[in-house]
1. Would it be correct to say that B:V4 is at pLDDT 95 or above, within 16 Å of B:F106 (Cβ to Cβ) and of a type in the set (A, V, I, L, M)?
2. Determine whether the stretch A:71-92 contains at least one residue that is free of Cβ contacts under 8 Å to residues at least 24 places away in the same chain, of a type in the set (G, A, S) and farther than 26 Å from B:P40 by Cα.
3. Return only the number of the condition from (1) more than 13 Å from chain B (Cβ to nearest Cβ); (2) touching a residue at least 24 places away in the same chain (Cβ under 8 Å); (3) of a type outside the set (S, T, Y) that A:Q48 does not satisfy.
4. Which strands (runs of 3 or more DSSP E) does the stretch A:58-105 wholly contain that include 2 or more residues that are within 9 Å of another protein chain (Cβ to nearest Cβ) and within 15 Å of A:L46 (Cβ to Cβ)?
5. Just to be sure, is B:I60 touching a helix residue (DSSP H, G or I) at 6+ places or on another chain (Cβ under 8 Å), hydrophobic (A, V, I, L, M, F, W, C) and at negative phi?
6. Does B:S61 count as without any contact (Cβ under 8 Å) to a residue 60 or more places away in the chain, in contact with a Phe, Trp or Tyr (Cβ under 9 Å, 6 or more places away or on another chain), among the hydroxyl-bearing types (S, T, Y) and more than 25 Å from A:C91 (Cβ to Cβ)?
7. Hey, can you tell me all the residues within the stretch B:15-34 that are farther than 19 Å from B:T80 by Cα and either out of contact with any helix residue (DSSP H, G or I) (no Cβ under 9 Å at 6 or more places or on another chain) or within 9 Å of another protein chain (Cβ to nearest Cβ) (or both)?
8. If you go through the stretch A:33-45 one residue at a time, how many are within 9 Å of another protein chain (Cβ to nearest Cβ) and among the polar types (S, T, N, Q)?
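The values are calculated or read from the model by the stated rules, or taken from the named source; none is laboratory data. This structure is a prediction, so every number in the text was calculated from the model and none was measured. As a convention, Cβ positions derive from the backbone with ideal geometry for all residues, glycine included, and neighbour counts pool all protein chains shown.
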Amino acid sequence: DSGVTQTPKHLITATGQRVTLRCSPRSGDLSVYWYQQSLDQGLQFLIQYYNGEERAKGNILERFSAQQFPDLHSELNLSSLELGDSALYFCASSQSWGLYYGYTFGSGTRLTVV
Amino acid sequence: AQKVTQAQTEISVVEKEDVTLDCVYETRDTTYYLFWYKQPPSGELVFLIRRNSFDEQNEISGRYSWNFQKSTSSFNFTITASQVVDSAVYFCALTYVETSGSRLTFGEGTQLTVNP
């Protein structure tokens, strides 16, 4: 157990729907990162939050949004889902942000859009 | 721009063979960290090693060893006497720090299959 908890582990939904993925970071970690792993795009960075604030943004679609709550858990919201959104979504956490901090990954949420 | 290249998409070996996974990176930063992660069939990302750009000493951990060469921007990973349990996708990654945030940039991964 890495200490980073992602729920649910699996999610199957239909095109056009909206889903929410949840991540609880490791105790003491203030930064949360979201990554998408699809077959054709590899592991892509989506977004980073630090202590409730958005700090870095990658190639995140406008249909996707995220937030980090005061208790430091984070949610990734995916809306108007398309077949191509089917992927493994990882959350990672770190103590802070920057060069000197390692990353701990959760076990991922596998999203299947049908 | 940051980039990590793992040119080997798939490697297949027979158990007990040694295998080296290549990783070449591009960065304009003078200080950076490099990582290797393992993704077994179960899907989770397992951390293997983190190495900073100032430490070019090779590292060995059991059957695993890493060769970091700044001159060639490479951070290669060798598994000695491979085992079936080593079958997984292996990712090399590089830190990227912005003004107020950071992330990892991953390579495309190398699928390693170790056959009995």
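1. So B:V4 fits the description; yes.
2. no
3. (1)
4. A:87-94
5. no
6. no
7. Hits for the stretch B:15-34 are B:Y25, B:E26, B:T27, B:R28, B:D29, B:T30, B:T31, B:Y32, B:Y33, B:L34.
8. Going through the stretch A:33-45 one residue at a time, the tally reaches 2.
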